[in-house]
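Only one structure is covered here, and it is reproduced in the block below.
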Amino acid sequence: MAKFELVTDLVPKGDQPKAIREIVENFRQGVKYQVLLGVTGSGKTFTMAHVIKELGLPTLVISHNKTLAAQLFGEFKSLFPYNAVEYFISYYDYYLPEAYIPETDTYIEKEADINEDIERLRLRTTSSLLSRDDVIVVASVSAIYGLGDPEDVLELYLVLEVGQQIGLKNLIERLVDLQYTRNDVDLKRGNFRVRGGRIDIVPAYEDYIVRIEVPDKTIESIKIVDLLTNKVLQVKDKIVIYPAGHWVTTKSKLERAIESIKQELEERLEELYRQGKILEAQRLERRTKFDLEMLKEVGYCPGIENYSRHLSGRKPGERPFCLIDYFPDEYLTIIDESHVTIPQLMAMYNGDRSRKETLVEYGFRLPSALDNRPLKFEEIEELWDKVLFVSATPAEYEIKKSNGIVVEQIIRPTGLVDPEIIVKPSSNQVEDMIEEIRNVVERGERVLISTITKRTAEDLAEYLTTLGFRVKYLHSEIDALERVEIIRGLRLGEFDVLVGVNLLREGLDLPEVSLVLITDADKTGFLRSETALIQMAGRAARNACGRVVLYADVITDAMERAIKETNRRREIQMAYNREHNIVPQTIRKTPEEIIRTTIVADERIIKKSDEDDIEKEVAELKSMFTIYEVIEELERRMFKAASLLDFEKAAKYRDTIKQIKNELEKKEKKVAKASKKGTK
């Protein structure tokens, strides 16, 4: 059992102590699946943290989007500062998958801008899982996509000890096998340099240098050195170096894979020629032979993941290895917002398959590329050990899978209760809305209105504006950055009413909103399902005066269930408050706090302010230091930004450093040229 040290001044309150106790006891008694039904604002993450601490198991937390994953990662990192809290998401800043469109004969080559900092975090995740047991990994659906065989990593990793007999040449060969690159000029992650009897390695998953002194075929010392200042941080007797990539394999496996790829190529070419697909056959032969040549020479090629079945020796159709394979047999999986995440996991395989089948059919890839894929949902289920589904509105799958074991977290630590739901006829809904909105706006609070269509949202927003209300509308055609600006404006009181469609469901923390108006509540469909209605009502749950009005001519089954469930929760919450003399209070945020919490996702504002700030920083540094010292200081700030997960700012520093280095190089060339002329 791993030791997880939870660091916090807070203690579990409301329903949290009961939920923690029940979940832990259930797992200890052999329960495999269970649900944490936690209402909005009840502190589900804090409960998860206590469950992890009590169970002492390596934990995988899966979130349905990167933004929420980053938020969870930050929260767990602060709660478990002495444990390995890792972050595993797609490392593409920009990603266009390889594809072929037969109708227009258009081949789209894979185009990707890999975020090196996220790749470092991914590599650190797998190295942590293979070297320690106190690990929490927060991941997106990347967790079910193909990775290299963990057995290969364990077979290849390099253990170095003081006193160990190893020649410098042998050590260099081992590092190259681990996909490290020799670079004696510019030392960075995944590189090493050799100076005399000393070798400096920057592990692909760390921000420091491992300095190995090997003067006479014996390791004399191992030091951890600061990458920028060259200061010795630590002296060690032993260190383990893990591979610089996830697609490493042994020489014998690589040789076997090359032969296997050749054999598949021959069979596929024969098949294509037999079908009269001459162009496809020539294309496939040219591409594959180029890849084989690279694999033979350097052990790697672009798109190596498409040959993963050959590299790992799997049979056709057999599932690939993934992040879950790096966990031990006994571990905990937490599916956050499970009502959204589970359907997403279920959909991954089919979407990937249809794109790759076209590539195979038209000779861009061998059929084995189909086995480089996300896992099928039933394959994921086979890998699960203990699973906790977390949601305010768990779906049928989670309830059924858990055999009805649902642990409820209804009482909020703040004492806030679920909003009252009122049903009103839709015949005069606009007139009623106007009256409702006027009452709320006079109290200085905000209103959300949910419509069925974009057109209705626009028309309603326009009409309310003509009546003097400050209104904006939100729908899927408004880009993500503008949505953040609109939500910020609502919270800051720049306007009072926000009209939207489906975008008002998950993930909006809006304590200023005390009224949610839902039009056409009696329409059937996913926008007015029980889950959608409860999630929508939850937007008013952070305000002590929260109310929800459903406009409908009939009460549908979905409405009835949503109202019944909300009323059940309200009764529990109000009874608890009466018993403990709690008066619910809305949590008020200052304008500064609101701006701070919403600017994080607003890349346009960040980009402009960062560019201005960095230009000022450079000007200030140039006035005080030499150009070389300026570069060194900017590199330090770049690594600092990356360590805080501010990859956008880190990238700005990186680009600024490149620009300064290019300018410096041009000047040095001019000086050298002038010097030569002077000598002549």
Nearest-ten-degree value, helix 44-55 long axis tilted from longest Cα axis of the chain: 50 degrees
Amide H neighbours of residue 542 at under 5 Å, excluding residues fewer than 5 places away on the same chain, with H built from the backbone geometry, are none
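Over the chain, what relative contact order in percent results from Cα pairs under 8 Å that are six or more residues apart?
Values: 1153 pairs, mean separation 95.1, N = 680.
So the answer I get is 14 percent.
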Counting only DSSP beta bridges fully inside the chain, the antiparallel percentage to nearest 5 is 40 percent
Candidate aspartates and glutamates for bridging to residue 622, where Cα separation is under 15 Å - those fewer than 8 sequence places away on the same chain excluded: 613, 632, 633, 635, 663
Distance (nanometres) between label positions extended 7 Å along Cα→Cβ at residue 613 and residue 420: 4.5 nm
List every residue whose amide H lies under 5 Å from the amide H of residue 474, counting only residues 5 or more places away in sequence or on a different chain, with H placed 1.01 Å from N in the peptide plane. 499, 500, 501
Could you pull out the pairs from 253/652; 53/238; 3/564; 262/386; 66/386 whose alpha carbons sit more than 32 Å apart here? 253/652; 3/564; 262/386
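When N is the residue count of the range 257-311, what does its C-alpha Rg come to as a fraction of 2.2 N^0.38 Å? If you can, show how the numbers build up before the last one.
Details: Rg = 11.5 Å, N = 55, 2.2 N^0.38 = 10.1 Å.
With N residues counted in the range 257-311, Rg over 2.2 N^0.38 Å equals 1.14.
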What FRET efficiency comes out for the pair residue 220/residue 169, r = Cβ-Cβ distance, R0 = 25 Å, nearest 0.05? 0.90
Compute the long axis of helix 338-361 from its Cα atoms, compare it with the longest principal axis of the Cα atoms of the chain, and write down the angle in degrees, 0 to 90, nearest 10. 50 degrees
Dipole of the chain, positive direction: furthest Cα of 618, 395, 279, with charges on the beta-carbon: 618
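R0 = 60 Å: FRET efficiency of residue 585 with residue 669, Cβ-based, nearest 0.05?
Details: r = 67 Å, r/R0 = 1.11.
That pair, residue 585 with residue 669, gives E of 0.35.
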Once you sort the root eigenvalues of the Cα gyration tensor of the range 215-334 as a ≥ b ≥ c, which label holds: rounded (a/c under 1.5), prolate (a/b larger than b/c) or oblate (the other case)? prolate
Rounded, prolate or oblate: which one fits the range 306-461, using the alpha carbon gyration tensor with axes a ≥ b ≥ c (rounded when a/c is under 1.5, else prolate when a/b beats b/c, else oblate)? oblate
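Could you give the length gained by full extension between residue 405 and residue 442, i.e. 0.36 nm per residue of separation minus their alpha carbon distance, to one decimal place? Let's see the in-between values first.
Values: separation 37, 0.36 × 37 = 13.32 nm, distance 4.49 nm.
8.8 nm is the gain from fully extending residue 405 to residue 442.
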In degrees between 0 and 90, to the nearest 10, how far off the longest principal axis of the chain does helix 429-442 point, with axes built from Cα atoms? 80 degrees
Label-point separation, residue 492 to residue 350 (7 Å along Cα→Cβ), nm: 4.3 nm
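At R0 = 51 Å, how high is the FRET efficiency between residue 465 and residue 383 if r is their beta carbon distance? Nearest 0.05 is fine. The partial results should precede the final answer.
On the way: r = 53 Å, r/R0 = 1.04.
Plugging the Cβ-Cβ distance into 1/(1 + (r/R0)^6) gives 0.45.
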Label model pair residue 255, residue 574: point-to-point distance (7 angstrom along the Cα→beta-carbon line) in nm is 7.8 nm
Of 320, 303, 218, whose Cα points farthest to the positive end of the dipole of the range 211-328 (charges on the beta-carbon: +1 Lys, Arg; -1 Asp, Glu; origin at the Cα centre)? 320
With only helices counted (DSSP H, runs n ≥ 4, each -39500 (n - 2.57)), the per-residue ellipticity at 222 nm for the chain, to the nearest 500, works out to -15000 deg cm²/dmol
Per the Kirkwood definition applied to all pairs of different Cα atoms, how many angstroms is the hydrodynamic radius of the range 344-398? 13.4 Å
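With only Lys, Arg, Asp and Glu charged, each at its Cβ (+1 for the first two, -1 for the last two), find how big the charge dipole of the chain is about the Cα centre; round to the nearest 20 debye. Could the numbers behind the result be given before it?
On the way: 102 positive and 118 negative charges, 354 e Å.
Using only the charged Cβ atoms, the result is roughly 1700 debye.
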Can you tell me how the range 204-268 classifies by the Cα gyration tensor, rounded, prolate or oblate, using a/c under 1.5 as the rounded cut? prolate
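Where a number appears in this text, it was derived from the coordinates with a stated rule and is not lab data. Computed from a predicted structure; not experimentally measured. Methodologically, a virtual Cβ is constructed for each residue, glycine included, from the backbone with ideal geometry; neighbour enumeration extends over all protein chains shown.
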